[in-house]
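Following: one structure in structure tokens, then a few remarks.
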Amino acid sequence: MPQSSVQNPPAKKTILFDGLTEAQVIEKAQAGDGACFEALYNRHKKRVFSLCLRMTSNHAEAEDLTQESFLQLYRKIASFRGESAFSTWLHRLAVNIVLMRFRRKGLLEVSLEKTLEPQEGEPAREIGVKDLTLHGSIDRITLEKSIADLPPGYRIIFILHDVEGYEHNEIAEILGCSIGNSKSQLHKARMKLRSLLGRDSVSTIPVRRSKMAMPVVQLAA
């Protein structure tokens, strides 16, 4: 008697609003369906707010930027073509809004075009090589406070790569810089964070984006 093959059940589609998938909701929102746009807002507002809050370290400003992001989404949703995940597209939009706010306020004092150069008395470090002086662990609250104390230019790079899980090519596209500069600034951000923490450490904050395999944020260069 031949054995019947066991097939995995098909993956369930995420139901977002009134039995529709997110793709269908987006399509209807692009056609002007207000209820579907509200459904997208309810689904993504927490992540967008969290991103804005990490970048600004200001609750009230993060709320304002979140609202501005969704207002911009309302204006631009018709331009979404599905070439990337909707959440990625929306987060890029939000990041650019935060960056514009920083530039208007003159807060981006760390140039994205700085090259990676060792400080006086500091040995040169090769990007991508594990920093063996970083070990142990720190609690999440301590790390969050230290990230908030980073200069905005460093904080943005660190959050996008080590917290949100963006690749360097994506960060380069978002910020309008080269991949090499993104890597350089991430290295500088990690070194600055180490100095703010005041001791050798590796964080335990989980990466947010599910596509990333790395389970924790690493402060090693």
How many of the residues in the stretch 55-103 are farther than 22 Å from residue 169 by Cα and not in a helix (DSSP H, G or I)?
2
At pLDDT below 95, of a type in the set (Asp, Glu) and part of a helix (DSSP H, G or I): is that true of residue 38 in this structure?
yes
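The values are calculated or read from the model by the stated rules, or taken from the named source; none is laboratory data. Since the model is a prediction, treat every value here as computed from it, not as a measurement.
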